[in-house]
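Reading through the structure tokens given below for one structure.
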Amino acid sequence: MVTVSSTPDLVVRMTVLYPDRLNLYADRGNVLVLAQRCRRRGIAFELTAVHIDGTFGGTRPDLVYLGGGQDRDQRACGADLQRHREALAAAAADGTTVLGVCGGFQLLGHEYVTPDGTIPGLGLLDAVTTRREGPRLVGNVVVDVHAAEVAPEPRRLVGFENHQGRTELGAGCRPLGTVLVGAGNNGDDHFEGAVAGTVIGTYLHGPLLAKNAWFADQLIERAVGAALPALVDRFADAVHVRAVEAALVTR
Ligand code: GLN
């Protein structure tokens, strides 16, 4: 990896799947953070949306994003997603980072089992989600990130979770990290999120990337294949620190 000081030729191509259906809790904010942090470095940012019955094709994106959603929207999107199964698996195998948040994370797994039927996922993560009786898992979350491919040095992610589904990971993927605060994947094993190669899932809304600018920068670095010059952004850094502090006092 090289460090870039001036970035006029770099471009990040991002595809958001079903932004009109999978958009709970500021998923649009995550896109804006990426666009803004690219712009401030002089990196071009190209955004494509794929809707139900739409086409996923053309130039391979650097980043694919699936946001959170209610079960009813996940059902519609999960069915439509099956048309893109092979193309998305091929893109991920070729280096596209695929990020799913909450409902999007659940759809990256094999399936989401609900009392109203099973919603098929993409199977990009070896994970199964089940909608179980019991309390909704709601509140602030702080995660110690273990996955070195996401955080080469020890880092925390902070955000907000709100889900009824409980996700169990299989042997084919690893957790993103361990919860210090919050329920995480299922409220039992203390794991949060999942990683398998270029595919990342997390329950953290919030918006995730506004509260964790370091993670936004990791995603941009993966996309451009180069280390980025640090941005001086005291506001973004303070947001992260304060959000972690707030979560720690409310646990
Ligand atoms: N509908 C899913 C659940 O309740 C995901 C919710 C979400 O994306 N916040 O588990």
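The values are calculated or read from the model by the stated rules, or taken from the named source; none is laboratory data. In this text, all values refer to a predicted model and were calculated from it rather than measured experimentally. Reconstructed Cβ throughout: ideal geometry from the backbone, glycine too, with neighbour counts over all protein chains shown.
Would you mind stating whether Glu168 is modelled with pLDDT of 95 or more and more than 13 Å from the chain's Cα centre (by Cα)?
Here the answer is yes, as Glu168 does meet what is asked.
What number of residues within the stretch 110-120 are more than 12 Å from the ligand (Cβ to nearest atom) and in contact with a Gly (Cβ under 6 Å, 6 or more places away or on another chain)?
3
Give me the pairs, please: first residue somewhere in the stretch 144-173 and part of a loop (DSSP other than H, G, I, E, B), second residue anywhere and away from the ligand (no atom under 16 Å from the Cβ) and among the polar types (S, T, N, Q), beta-carbon distance under 8 Å, and either six or more positions apart or on two chains.
If the second residue must be away from the ligand (no atom under 16 Å from the Cβ) and among the polar types (S, T, N, Q), the pairs left are His146/Thr178; Val150/Gln218; Ala151/Gln218.
In the stretch 89-108, which residues are within 14 Å of the ligand (Cβ to nearest atom) and outside any helix (DSSP H, G or I)?
Leu99, Gly100, Val101, Cys102
Please verify whether Val195 is among the aliphatic types (A, V, I, L, M), away from the ligand (no atom under 16 Å from the Cβ) and within 21 Å of Leu122 (Cα to Cα), treating the condition exactly as stated.
yes
Test of understanding: among Ile119, Ile200, which residue is out of contact with any helix residue (DSSP H, G or I) (no Cβ under 8 Å at 6 or more places or on another chain), assigned to a strand (DSSP E or B) and buried (at least 22 other Cβ atoms within 10 Å of the Cβ)?
Among Ile119, Ile200, only Ile200 is out of contact with any helix residue (DSSP H, G or I) (no Cβ under 8 Å at 6 or more places or on another chain), assigned to a strand (DSSP E or B) and buried (at least 22 other Cβ atoms within 10 Å of the Cβ).
What number of residues in the stretch 98-118 are among the β-branched types (Val, Ile, Thr) and under 19 Å from the mean Cα position of the chain (by Cα)?
So the answer is 2.
Only one residue in Gly78, Gly69 is farther than 20 Å from Gly172 by Cβ, among the small types (Gly, Ala, Ser), within 16 Å of the ligand (Cβ to nearest atom) and in contact with a helix residue (DSSP H, G or I) (Cβ under 6 Å, 6 or more places away or on another chain), so which one is that?
Gly69
What single numbered condition from (1) surrounded by 21 or more Cβ atoms within 10 Å (Cβ to Cβ); (2) of a type outside the set (A, V, I, L, M); (3) within 24 Å of Ala238 (Cα to Cα) fails to hold for Cys173?
Tallying (1) surrounded by 21 or more Cβ atoms within 10 Å (Cβ to Cβ); (2) of a type outside the set (A, V, I, L, M); (3) within 24 Å of Ala238 (Cα to Cα), Cys173 fails exactly one: (3).
Counting just the residues of the stretch 15-66 that are aromatic (Phe, Trp, Tyr), under 25 Å from Arg131 (Cβ atoms) and part of a loop (DSSP other than H, G, I, E, B), which one comes out farthest from the ligand (Cβ to nearest atom)?
Ranking the candidates gives Tyr18 first.
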